[in-house]
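To start, the structure itself, in structure tokens.
The values are calculated or read from the model by the stated rules, or taken from the named source; none is laboratory data. None of these values were measured; they are calculated from a predicted model. Cβ atoms come from the backbone with ideal geometry, glycine included; neighbour counts cover every protein chain shown.
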Amino acid sequence: MKIRVDDITEQPKLLFFEEPHEAFPSLVELQARGESEFLSPLAVELSVVREYGHIRVKGSVAVKMRFDCSRCLSAFDSDIHSAFTMFYSKGNRLNSEEDEVELAEEDLISVSYEGDEIDFAPEIAEQVIMELPLKPLCSDECHGLCVVCGAELNEGDCGCERASFNPKFSALKNLKVEK
């Protein structure tokens with residue numbers, strides 16, 4: 001996932017590789033916390049080209065993952081895909097002495113590098129993490145679990161009588177106000 005800067009020319013260099021998630025420390029940590037499970041290696045395609053004093057990397061990453069549905073708690077598989085463009089510049093472009101720095105749009109997709117090699121691993125892992133769902137759902141039609149008995153409602157109605165009020169306020173239903 002590294003490339004020597006001297007090997008990058010004005011002609012696009014195409015890179016294709018598959019890496020296990022173990023090659024990315026932030027993804028290993030993600031799986032260790034139990035938030036998801038990686039079912040396939042990360043398939044990465046990159047086009048690397050030198051232009052206008054910086055290096056442009058246009059790429060995509062795809063991986064198959066397993067999540068737990070946030071409604072019914074069932075495990076389900078999902079394909080994660082991200083297309084991205086990053087610009088690499090030599091050295092740190094931001095002045096660390098300033099307290100506040102206003103970032104332009106190009107700064108949000110810019111990365112600085114030091115030395116004679118660029119490691120794409122941190123940005124590839126970041127792209128995967130940004131594509132993860134905040135509340136994974138097995139399907140948009142998922143009915144979740146019964147709030148009374150805990151039965152999975154996707155398999156059918158459990159027969160419990162569910163009140164139309166919010167169960168968060170059930171402790172207040174017997175509250176009496178004296179005048």
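Couple of notes before you dig in:
- E45 being closer than 17 Å to M86 by Cβ, part of a strand (DSSP E or B) and either among the hydrophobic types (A, V, I, L, M, F, W, C) or touching a residue at least 24 places away in the same chain (Cβ under 8 Å) (or both): yes
Quick grid of which residues meet (1) at pLDDT 90 or above; (2) in a loop (DSSP other than H, G, I, E, B); (3) polar (S, T, N, Q):
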| residue | (1), (2), (3) |
| --- | --- |
| F67 | yes, no, no |
| C72 | yes, yes, no |
| S78 | yes, no, yes |
| E98 | no, yes, no |
| E123 | yes, no, no |
| Q127 | yes, no, yes |
| C138 | yes, yes, no |
| C149 | no, yes, no |
| D157 | no, yes, no |
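- Any chance Q11 is farther than 17 Å from F120 by Cβ and free of Cβ contacts under 8 Å to residues at least 24 places away in the same chain: no
- Close contacts from the range 137-153, counting a first residue that is free of Cβ contacts under 8 Å to residues at least 40 places away in the same chain and a second that is part of a loop (DSSP other than H, G, I, E, B), with Cβ to Cβ under 6 Å and a gap of 6+ residues or different chains, come to C146/C158; C146/C160; V148/C160; C149/C158; C149/C160; A151/C158.
- Exactly one residue among E18, E45 is loosely packed, with under 14 Cβ neighbours inside 10 Å and either outside the structural domain of E131 (by TED's automatic domain parsing) or over 16 Å from the mean Cα position of the chain (by Cα) (or both), and that residue is E18.
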